[in-house]
Amino acid sequence: MQDASYARQIVPLYVITYTLMSDSVSVFADHAHDYDAQRRCLVPSFDLFYGTAVDLLGLREGNIRRVLDLGAGTGLMSVAVLERYPDVELVLLDGAGEMLAQARERLPQRSITMIVADLHDELPEGPFDAVVSALAIHHLEHPAKQDLFARVRELLVPGGVFVNAEHVGGPTPWLEATYRRLWRSACLAAGASEAEIESAVGRMEMDRSCDIATQLAWMGEAGLQDCDCFFKHLHFAVLAGWRG
C-alpha cells in the first residue's frame, strides 16, 4: 500500500481506493473471514433487519438503477439489494480491503465498483437512486455522522432514499443496559458461543452509537425529508429519509 492517505489504483472489474486504516477498520479487517458466519447469531431478527432496509428502496422511486453501499463490509447488504434489483449498478465502499475481498467472492461476476476508503473520505461521484449502509456509521464520532448525512443527501437524485440499518444507542442508561442484556440472551438462543459474544462486546467498545431521535433530527437537518425509524429490535434499527 502506498504511504498516502488517498491514492487510487484501477484494476479490472472494480476500483480500489486506498486510505489509511482507522482502529475500527483494522479490527474488522482481522475478522473478515468469520464475519458472515457470526452475523445471523449476533444480529437478532437478521432477515427483518436487512429485509426492511431493502423494502424501503422502492417506496418512492420504483426504478432503482444505481446504489451506493457505505461501509459495505463483506457485501451482506449489497447481496440483499441485488436479490430485489438484479440489474442495479452497485458501488461498495469500505475501509477494509479484506472485507471487500469477501464481497467480491459472493457477488456476481459482473462490473461492480468497489472502493477501499474511510467514511471520512470523499464519497464516490453521484447521483444515486439510493444510498444504503448497514452497521457501519455508528463507528463515527457524532459530528462526523452529521457531516456524512449532509454529504449523502447531495449524492441522491430527487426522490432518492438514504437507508441506514444501524446499531443505535439506548435513549437512557437503563435502556442501554437492558438492550445489552436482552441481546446477549437472543444471541445465545440463536447459537452464538460465549466467545463469539465476548468478541463482539470487545468490538462494541469502539462504537459511537446514538439514539434514534437524535439521528432522525440530524438527518432532517441535513436536508432529508420524511425521516423515520421503520424497524427496531433492541439496539438494531432501520432509519430512512428521502431527498425532496
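Scanning for something exposed (fewer than 13 other Cβ atoms within 10 Å of the Cβ), at pLDDT 90 or above and closer than 30 Å to Arg184 by Cα, does the stretch 56-74 turn up at least one residue? Steps first, answer last, please.
At the first step, the residues of the stretch 56-74 found to be exposed (fewer than 13 other Cβ atoms within 10 Å of the Cβ) are 62-63.
With at pLDDT 90 or above added as a condition, the list becomes none.
Scanning the stretch 56-74 turns up no residue that is exposed (fewer than 13 other Cβ atoms within 10 Å of the Cβ), at pLDDT 90 or above and closer than 30 Å to Arg184 by Cα.
Would you please list the contacts, defined by Cβ atoms under 6 Å and residues six or more apart or on different chains, that run from a residue in the stretch 83-104 that is more than 24 Å from Glu122 (Cβ to Cβ) to a residue that is of a type outside the set (Ser, Thr, Tyr) and at pLDDT 90 or above?
Within 6 Å, the pairs are Arg84/Val54; Tyr85/Ile64.
Which residues, counting only those in the stretch 71-82, are of a type outside the set (Ser, Thr, Tyr) and in contact with a helix residue (DSSP H, G or I) (Cβ under 7 Å, 6 or more places away or on another chain)? Working first, answer last.
First pass over the stretch 71-82, keeping only residues of a type outside the set (Ser, Thr, Tyr): 71-73, 75-77, 79-82.
Matches in the stretch 71-82: Gly71, Ala72, Gly73, Gly75, Leu76, Met77, Val79, Ala80, Val81.
Of the numbered conditions (1) surrounded by fewer than 13 Cβ atoms within 10 Å (Cβ to Cβ); (2) touching a residue at least 60 places away in the same chain (Cβ under 8 Å), Gly202 fails exactly one; give the number of that condition.
Result: Gly202 fails condition (2) only.
If I ask for residues that are assigned to a helix (DSSP H, G or I) and in contact with a Pro (Cβ under 8 Å, 6 or more places away or on another chain), which ones from the stretch 181-205 would you list?
Here is the first cut: in the stretch 181-205, the residues assigned to a helix (DSSP H, G or I) are 181-189, 194-204.
Within the stretch 181-205, Trp183, Ala186, Cys187 meet the criteria.
Being touching a strand residue (DSSP E or B) at 6+ places or on another chain (Cβ under 6 Å) and among the hydrophobic types (A, V, I, L, M, F, W, C) is the filter here; which residues of the stretch 158-176 pass it?
Val161, Phe162, Val163, Ala165, Val168
Count, please, the residues in the stretch 147-179 that happen to be in contact (Cβ under 8 Å) with a residue 24 or more places away in the chain, closer than 21 Å to Val43 by Cα and either assigned to a helix (DSSP H, G or I) or over 20 Å from the mean Cα position of the chain (by Cα) (or both).
Residues meeting the conditions: 3.
Rundown of residues vs (1) surrounded by 19 or more Cβ atoms within 10 Å (Cβ to Cβ); (2) of a type in the set (D, E, K, R), yes/no style:
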position	(1), (2)
His142	no, no
Glu166	yes, yes
Gly170	no, no
Pro173	no, no
Thr178	no, no
Trp183	yes, no
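Quick one: Ala217 ticks every box in (1) assigned to a helix (DSSP H, G or I); (2) of a type outside the set (Ser, Thr, Tyr); (3) more than 20 Å from the chain's Cα centre (by Cα) bar one, so which box is it?
Tallying (1) assigned to a helix (DSSP H, G or I); (2) of a type outside the set (Ser, Thr, Tyr); (3) more than 20 Å from the chain's Cα centre (by Cα), Ala217 fails exactly one: (3).
The values are calculated or read from the model by the stated rules, or taken from the named source; none is laboratory data. Source: prediction; values computed, not measured. Virtual Cβ from ideal backbone geometry, glycine too; neighbours counted across all protein chains shown.
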